[in-house]
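Accompanying notes for the structure given below.
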Amino acid sequence: MSTVFGGMAVSLDGFIRSESGDLAWLNNAMAKDEDYGFAATELRTGAFVMGANTYREVAGMGGGGSPSVPTYVVTHDETLAASGQARLFSGDPGDLVARIKSSIPANKDICVFGGGQLVTEFIELGLLDELGVAVVPVILGGGVPFFGRISRWTKLELLECRSYPSGIVLLNYGLNRPG
């Protein structure tokens with residue numbers, strides 16, 4: 001059965017984007033010789049789900065999703081142009097997850113790839129099984145927060161913790177629901 005996992009890089013003070021939108025804080029923190037799990041993520045992913053803002057940002061950098069893996073862009077913007085394997089989706093995220101699970105191989109997972117609003121919504125709806133957080137050793141002082149308002153507590157179980165010489169710490173959690 002497919003796992004729904006997601007995550008992002010976050011500053012030490014909890015922001016995924018600076019107030020100016022500049023990502024230099026993230027790019028400057030990463031070392032070329034350190035593997036932050038990108039290859040493993042690519043191997044396990046049967047489909048990506050991303051928010052419209054993240055899709056625009058990735059597409060603006062020449063990406064827009066994997067050429068061989070379907071990407072579902074959650075948006076209400078009917079003017080957003082999707083290319084390659086990207087498909088626009090507006091509707092119930094639970095329906096989307098069920099549809100994706102039935103269309104990808106059982107040994108593949110669903111990667112929720114940003115942004116903060118989408119990750120928060122998946123947590124709220126109980127759709128996220130794993131949450132990865134890459135804590136970047138920088139304090140931004142403001143910007144776009146990782147999480148939006150979450151209406152109830154969600155207990156996390158630490159699955160993995162890896163630190164790197166660059167100071168980046170990867171935390172991977174399983175999500176448990178209160179009883």
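The values are calculated or read from the model by the stated rules, or taken from the named source; none is laboratory data. Bear in mind that the values here come from a model prediction, so they are computed numbers and not experimental data. When we count neighbours, we look across all protein chains shown, and the Cβ atoms used for this are built from the backbone with ideal geometry, even at glycine. Only protein heavy atoms, including side chains, enter the accessible area calculation; ligands, DNA and RNA are left aside. Shrake-Rupley method; radii C 1.70, N 1.55, O 1.52, S 1.80 Å.
Keeping every protein chain present and rolling a 1.4 Å probe, give me the accessible area per residue for region 112-177 in Å². Spell out each step's value before the answer.
Working: 3490 Å² over 66 residues.
Ligands and nucleic acids excluded, the figure is 53 Å² per residue.
Rounded to a whole number, what % of the accessible area of the chain do carbon and sulfur atoms account for, probe 1.4 Å?
55 percent
Please turn the phi angles of region 68-76 into ³J(HN,Hα) values with the Karplus equation 6.51 cos²θ - 1.76 cosθ + 1.60 (θ = phi - 60°), one per residue in order, whole Hz, x for glycine and proline.
10, 10, x, 10, 9, 9, 7, 7, 10
Within 10 Å, at most 13 other Cβ atoms, and a DSSP state outside H, G, I, E, B define an exposed site. Report the longest part of the chain free of exposed trypsin sites (Lys or Arg not before Pro).
33-148
I want to check the label-to-label distance for residue 41 and residue 162. Put each point 7 Å from Cα in the C-beta direction and report it in nm to one decimal.
1.2 nm
Between region 106-155 and region 10-63, what is the separation of their alpha carbon centroids in Å?
13 Å
Determine which lysines satisfy two conditions relative to residue 32: a Cα distance under 30 Å, and not lying fewer than 8 residues away in the same chain.
Counting by Cα, and skipping residues close in sequence, residue 32 has these lysines nearby: 108.
Once ligands and nucleic acids are excluded and a 1.4 Å probe is used, how much of residue 173 is accessible, expressed in Å² to the nearest 10?
50 Å²
Compute the normalised compactness of the chain: alpha-carbon radius of gyration over 2.2 N^0.38 Å, N being the residue count.
Normalised by 2.2 N^0.38 Å, the Cα Rg of the chain equals 1.00.
Using a 1.4 angstrom probe, figure out how much accessible area region 1-40 has per residue, in square angstrom, rounded to the nearest whole. Before the final figure, lay out each step's value.
Numbers: 2290 Å² over 40 residues.
Using a 1.4 Å probe on heavy atoms only, each residue of region 1-40 averages 57 Å².
Have a look at the DSSP beta bridges in the chain and tell me what percent are antiparallel, nearest 5.
So the antiparallel bridges amount to about 40 percent of the total.
Indicate the gyration tensor shape class of region 1-47 (rounded, prolate or oblate), computed on the Cα atoms with a ≥ b ≥ c the square roots of the eigenvalues: a/c under 1.5 is rounded; otherwise a/b larger than b/c is prolate and the rest oblate.
Taking the square roots of the gyration eigenvalues as a ≥ b ≥ c, region 1-47 is oblate.
Classify region 36-106 as rounded, prolate or oblate from the Cα gyration tensor: take a ≥ b ≥ c as the square roots of its eigenvalues, call it rounded if a/c is under 1.5, otherwise prolate when a/b beats b/c and oblate if not.
In terms of gyration-tensor shape, oblate.
How do 121, 130, 42, 157 rank by accessible surface area computed with a 1.4 Å probe, from largest to smallest?
Descending order: 42, 157, 121, 130.
To the nearest 500 deg cm²/dmol, what mean residue ellipticity at 222 nm is calculated for the chain from DSSP H runs of n ≥ 4 alone, each contributing -39,500 (n - 2.57), summed and divided by the residues?
-6000 deg cm²/dmol
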